Amino acid sequence: MAPRLRQRPRARSHSRPPAIRRGERAYHSRFSDWSELADEVALDLLPLEEAVAFLQGRTGRSDAVGAEALAEALGRLPLALDHAAAYCKRTQTGPLLG
């Protein structure tokens, strides 16, 4: 469960996971009592096609085979995909998985 804060911070223009709308932020935490601060939202696994499209869009690469392998290796978990895509983009690594 990822909490969604009730107060919406100022929107920034950067890539975000598909499940988050503009102006909203998701925070991941081990803190289990967010009931007074935020609404919890369950995050499901992304379908493979969406995970691949997300990785390709976030990294700016068209390596569908690498994106699919990376998505499967990360279990199609949205937060893991976002972190991996950010790493790939920042470090300008070769194929998405390699």
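Results for (1) at pLDDT 90 or above; (2) in a loop (DSSP other than H, G, I, E, B), shown as yes or no for each residue.
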position	(1), (2)
7	no, yes
18	no, yes
32	no, yes
39	no, no
52	yes, no
76	yes, yes
87	yes, no
List, please: which pairs have Cβ atoms under 7 Å, are six or more places apart or on different chains, and start with a residue in region 56-69 that is assigned by TED's automatic domain parsing to the domain that holds residue 82 and within 10 Å of residue 89 (Cβ to Cβ) and end with one that is buried (at least 20 other Cβ atoms within 10 Å of the Cβ) and aliphatic (A, V, I, L, M)? 58/85; 59/85; 59/96; 61/96
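The values are calculated or read from the model by the stated rules, or taken from the named source; none is laboratory data. These numbers were taken from a predicted model, which means no experiment stands behind them. Cβ atoms come from the backbone with ideal geometry, glycine included; neighbour counts cover every protein chain shown.
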